[in-house]
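What follows is a short report on a single structure.
Readers should treat all values here as calculations from the given coordinates under stated rules, not as data from a laboratory. Being a predicted model, the structure only gives us computed values, none of them experimental. Virtual Cβ from ideal backbone geometry, glycine too; neighbours counted across all protein chains shown.
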Amino acid sequence: MNTTMQRKLVKGAAAAVIAAGIAMAAPAIAHHSFALYNMEQTLTFTGVVTRVNPDANHLQIFFAPMNDERKNVQRGEDGKPLVWAVEMTGSAQAAADGISVGTFPPGTIFTVGMHPLRSGEKAGARVNPGAIYKCPEKKPPAAGKHCDSVDGSVTIGGGQLPVAAPTAR
Amino acid sequence: MMAFAAWLHATAFSQMIQAVRWIIPLLQSIHIVMIGIVFVSSVVIALHVLGRVRAEESFQAVWGRFAPWSRTALVVMLVTGLLLVVGEPAREFSALSFWLKMGLVAIGASGTAAFGRRYGAAKAVGAARFPASARLAAVGLIVLWGAVVLLGRAIAYDVEMWGAGVLPWN
Amino acid sequence: MELMSLLQDLQASAPAEWMRTSVKAMPLVEGTHVLAAATVFGTILIVDLRLLGLRDVRRAFTRVSDEMLRLTWGAFGLAVVTGALMFAANAGTYYGNTAFRLKMLALLAAGLNMAIFQHRTLRGVAAWDVNATPPRAARVAGLLSILFWLSVIFLARWIGFTKGYDFAVPDDAEINFQF
């Protein structure tokens, strides 16, 4: 192995370490701080949109996560859908990125990564940078898969889906 | 830069600031109160230089009344600001507004100190004691501290203000 | 309910829509709101410290307050306009937020304190205007003013951390898939 190549390898390794560092501490873009969220934990959901709240500070997408078979949404013991929320930038910036009441109507199947709230409430901050994938209308992914695996899916943010990671501490 | 942020984020002290729900809003509130004192002090000093307030007092008296408050408030502002950075390093370091704000704070603090050194001992009372340059500098300091406040809030909206990935380490 | 439809109308208004759809609207309006609020606090603090007999004791109280309160009112007006824009943008959410309601109460308390001071204590100002230490009622008003305005600022910041979530599924949302 020549020295140029070694140097390249070292550079590559350094870049990987830095990238890992960024991924770890990457700021989801929020206006209040991230103190509310557990930034060490990432959850990845494929779910069905129930409502978009175009809040000017933080747009919120409410959704019902799908079951592992991707046949229907998860339901509680009372038969009602379990609903989660994912928060992100303000409505204007989100619209510029392609996320709005119009582009995420109820029934939209999508996949998103989030840092969950510390409080245990069923909500979190969108992992950003990190892709969101929207499935084609009424075309859920195969069991255990996410929207990025479905032909004709649309991405917001591009790139790979955030990888679900448990608490690292 | 972001690797350093990740390291800082993982320290026990940072984790403590993040974990206790009311710490960050409390620090932010103190931070806002302090910039209020710094900003209004610069406003009163400038209005005096322009001959609009405390015309019966010398500049020395006005400076003696407001400079210590401004200085102390600035120190508390720096301490609370530092704690906010320790609590959420990635949020601050990745924001262009944060770095612009730090630059303006440095200019504002040294500019205010220089103004005090130049005129702080002026005992004269009465109109037209200050050259145009001093009036301009005094007003400039108001604008500068005002910009510090706006940039401070803009840290939370960095993508909205400047677009994504404007800093080389983002 | 009447109030609810009023909030909905407000949220549907053109300025509210502008706040939600213009990318730089929120950071600029919110930044101006903070600057205005900081100015309100800073200028009132100068008046309150004089009321407490802690600073500017060689200047008459009315002289200190006349100079500062013009700035205070200007800044307060700016804070009301920018605050109203922020409220309109997400009226329903703010209305239901406890921190927001408490902030409005703290504002009301600060206003009442000021009104009582104006209509009672300030009437006899000629007797104590130049005194280094104003009467007890004036000192109490000064101290309360500082506390109320500090509360306003903390509660304002607390709103952003407690906005909450409305998880209810709208009736017309079709999510009952069976693939």
Exercise. Given a Förster radius of 51 Å and the C-beta distance between C:SER5 and B:LEU50 as r, what FRET efficiency does 1/(1 + (r/R0)^6) yield to the nearest 0.05?
Worked result: 0.55
For this session: Calculate the translational D of the stretch C:1-70 in whole µm² s⁻¹ from Stokes-Einstein, where the hydrodynamic radius comes from the Kirkwood formula applied to all Cα pairs, the temperature is 4 °C and the viscosity 1.567 mPa s.
Result: 85 µm²/s
Exercise. Which of the DSSP-defined H helices in chain C satisfy a minimum axial length of 18 Å, computed from C-alpha atoms, and a minimum mean Kyte-Doolittle hydropathy of 0.5?
Worked result: C:25-51, C:61-89, C:98-119, C:136-159
For this session: Kindly provide the Kirkwood hydrodynamic radius of the stretch A:27-156 in Å, to one decimal, from all pairs of distinct alpha carbon atoms.
Result: 14.6 Å
For this session: Mind pulling the angle between the C-alpha long axis of helix B:23-49 and the longest principal axis of chain B? Nearest 10 degrees, somewhere in 0 to 90.
Result: 20 degrees
Problem set entry | Rough spin-label spacing in nm, given labels placed 7 Å along Cα→Cβ, for A:ASN67 and C:VAL80 | 5.7 nm
Seminar exercise, completed: C:GLU67 neighbourhood, Cβ < 15 Å, K/R = +1, D/E = -1, net charge +3
Exercise. Once all Cα-Cα distances of the stretch C:1-157 are split into 5 Å bins that start at 0, what whole-number percent is in each one?
Worked result: 2, 9, 15, 19, 16, 12, 9, 7, 5, 4, 1, 0
Exercise. Which one of A:HIS58, A:TRP84, A:ASN38 has its Cα pushed farthest toward the positive end of the charge dipole of the stretch A:27-156, where Lys and Arg give +1 and Asp and Glu give -1 at the Cβ?
Worked result: A:TRP84
Seminar exercise, completed: Under the 7 Å Cα-to-Cβ spin-label approximation, C:ASP66 and C:ALA115 lie apart by a distance in nanometres of 2.6 nm
Seminar exercise, completed: With R₀ set to 30 angstrom, the calculated FRET efficiency between the beta-carbons of C:ALA126 and B:ALA114, to the nearest 0.05, is 0.10
For this session: Evaluate the distance, in nm, between pseudo-label points positioned 7 Å from the Cα of C:TRP73 and of C:THR133 along their respective Cα→Cβ axes.
Result: 3.2 nm
Seminar exercise, completed: Taking R0 as 51 Å and r as the Cβ-Cβ distance between A:GLU137 and B:GLN60, the FRET efficiency 1/(1 + (r/R0)^6), rounded to the nearest 0.05, comes to 0.10
For this session: Would you mind putting C:8-15, C:50-57 in packing order, based on average other-beta-carbon counts within 10 Å, highest first?
Result: C:50-57, C:8-15
Seminar exercise, completed: Largest-first semi-axes in Å of the equivalent ellipsoid built from the Cα gyration tensor of the protein assembly as shown are 49, 29, 18
Exercise. Which value does Rg/Rh take for the stretch C:93-139 over its C-alpha atoms, Rh per Kirkwood?
Worked result: 1.25
Seminar exercise, completed: Using eta = 1.306 mPa s and T = 10 °C, Stokes-Einstein with Kirkwood Rh from Cα pairs puts D for chain B, in µm² s⁻¹, at 91 µm²/s
Seminar exercise, completed: Answer in debye to the nearest 20: the dipole magnitude of the protein assembly as shown about its Cα centre, from +1 Lys/Arg and -1 Asp/Glu charges placed on Cβ, is 2060 debye
